[in-house]
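The values are calculated or read from the model by the stated rules, or taken from the named source; none is laboratory data. Treat the numbers as computed from the prediction; the structure is a model and nothing was measured. Positions of Cβ are generated from backbone atoms using ideal geometry, with glycine treated the same way; all protein chains shown enter the neighbour counts.
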2 protein chains.
Amino acid sequence: MADLNNLLTPFFLNDKEVRKVIELLFFAYRDFTSGPDKILEKINFGRAHHRVIYFVGKKNHITIKELLRVLQITKQSLSRVLNQLVSEKFIIVSTGLDKRTKKLSLTEKGKKLENELSTIQIKKIRKVINEFSEENINGFKKILYEMIDEYNKKTFQEIND
Amino acid sequence: MADLNNLLTPFFLNDKEVRKVIELLFFAYRDFTSGPDKILEKINFGRAHHRVIYFVGKKNHITIKELLRVLQITKQSLSRVLNQLVSEKFIIVSTGLDKRTKKLSLTEKGKKLENELSTIQIKKIRKVINEFSEENINGFKKILYEMIDEYNKKTFQEIND
DNA sequence: ATAATTAAGTCAATATGGCTGACCTAAATA
DNA sequence: TATTTAGGTCAGCCATATTGACTTAATTAT
């Protein structure tokens, strides 16, 4: 069955080639996050802190609710990480117009760390995609986008308004 | 500085666009792994078990050492997960020619689970890349490949010999 | 033949990042 | 006024990773 399918399938879509994509995603994602991980380790932070810093940097005055929607974790999980970031003055909290809400912002210290971490990843991506055509890069982005579940595509659009 | 750089940089390479790639990787990778995660949860396994099953399925008779090289975790971490997989009969162990080594293989039960998990991801990838040109798909794979660190590129090649 | 190296395993302690459930306050809205 | 929403907190649990120290058995090098 699988063999017959493969015979009728273009080369780049057969099981073996698709499995390579699984592996490429695994290896590429792991190495992509390893740079920031090393810096974070020095200050006793983890990837969870990075994500919070990244998205607060991305969208200044983001609320807890919005952040939870982006990160897709529970508020209890966010709370531990966020409290550390606030108490160590990487993030400051202010009250929103709706007084039930809170707005998060990076402090100067937070911006500095955000920049340090993102720069590693930005440089890595730029170095790689620099060698490819605009067509290839757009294809790359579109394929990644299509791999996102519908619900989260909306989130991606929202944070890129 | 950053602004000046951006003015001199092609659109698809400027900071804002590159940051989108960071986010796309985050969202895409998360949703890519969420399917298997749900199945694994039911049998009290996690992503770590999936990785072991995947790579044992990929390379029959893989040794512990090779597996550790692929997964880049410590043997203590592997041990817990692997022992569970062996005691629950998803994986069987035999002794290598070099009697210090062990060779790992999937049992029928293991193959069935491997197939169930991989099928989800294979279908997802195929569904997505089906809509793209061969040129785009090859570009996608090459870009991912270039994002892998040199040392791990070798590993990727080795498991795809 | 002996020494050194290698493959694998194990014990113990620790950190991180998730989770659930239960419960609370204050503010906004119906 | 009642309900919903945003946010917080306590307690306990689980999975996945880490480090360090130590062991055994087999292979390889001297």
(request) Note down all Cβ pairs under 8 Å where the first residue falls in the stretch B:26-40 and is more than 17 Å from A:L24 (Cβ to Cβ), the second is among the acidic types (D, E) and surrounded by fewer than 20 Cβ atoms within 10 Å (Cβ to Cβ), and they're at least six residues apart or on different chains. (result) B:S34/A:D149; B:I39/B:E116
(request) Using the structure shown, decide if B:L97 is out of contact with any strand residue (DSSP E or B) (no Cβ under 7 Å at 6 or more places or on another chain), touching a residue at least 60 places away in the same chain (Cβ under 8 Å) and within 16 Å of DNA strand D (Cβ to nearest atom). (result) no
(message) Can you report the number of residues in the stretch A:80-92 which are over 21 Å from A:G35 (Cβ atoms), under 20 Å from the mean Cα position of the chain (by Cα) and outside any helix (DSSP H, G or I)?
(response) 1
(request) Identify, from the list A:I53, A:I137, the residue that is modelled with pLDDT of 95 or more, assigned to a helix (DSSP H, G or I) and within 14 Å of DNA strand C (Cβ to nearest atom). (result) A:I53
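One line per residue, one yes/no per condition, for (1) within 10 Å of another protein chain (Cβ to nearest Cβ); (2) more than 14 Å from DNA strand C (Cβ to nearest atom); (3) part of a helix (DSSP H, G or I):
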| residue | (1), (2), (3) |
| --- | --- |
| B:R19 | yes, yes, yes |
| B:E23 | yes, yes, yes |
| B:G35 | yes, yes, yes |
| B:I39 | no, yes, yes |
| B:G57 | yes, yes, yes |
| B:L68 | no, no, yes |
| B:I73 | no, no, no |
| B:S94 | no, no, no |
| B:R100 | no, no, no |
(request) Test each condition in (1) more than 7 Å from chain A (Cβ to nearest Cβ); (2) part of a loop (DSSP other than H, G, I, E, B) for B:F132 and report the one that comes out false. (result) (1)
(message) Going by what's in this entry, would A:V81 be described as within 14 Å of DNA strand D (Cβ to nearest atom) and either touching a helix residue (DSSP H, G or I) at 6+ places or on another chain (Cβ under 6 Å) or within 30 Å of B:R69 (Cβ to Cβ) (or both)?
(response) yes
(request) Determine, yes or no, whether A:I143 is touching a Leu at 6+ places or on another chain (Cβ under 8 Å) and either β-branched (V, I, T) or away from chain B (no Cβ under 12 Å) (or both). (result) no
(request) Filter the stretch B:17-42 for residues that are within 16 Å of DNA strand D (Cβ to nearest atom) and either over 15 Å from B:I120 (Cβ atoms) or in contact with an Asp or Glu (Cβ under 7 Å, 6 or more places away or on another chain) (or both) and give the result. (result) B:I39
(message) Return the residues of the stretch A:117-135 that are farther than 21 Å from B:D149 by Cβ and touching a Gly at 6+ places or on another chain (Cβ under 9 Å); say none if nothing qualifies.
(response) A:S133, A:E135
(request) Consider A:S34 carefully, then state whether it is under 23 Å from B:I22 (Cα atoms), under 14 Å from the mean Cα position of the chain (by Cα) and loosely packed, with under 15 Cβ neighbours inside 10 Å. (result) yes
(request) Might you let me know whether the stretch A:107-128 holds any residue that is of a type outside the set (A, V, I, L, M), modelled with pLDDT of 95 or more and outside any helix (DSSP H, G or I)? (result) yes
(request) Looking at (1) within 12 Å of chain B (Cβ to nearest Cβ); (2) within 13 Å of DNA strand C (Cβ to nearest atom); (3) over 21 Å from A:F156 (Cα atoms), find the lone condition where A:E88 falls short. (result) (1)
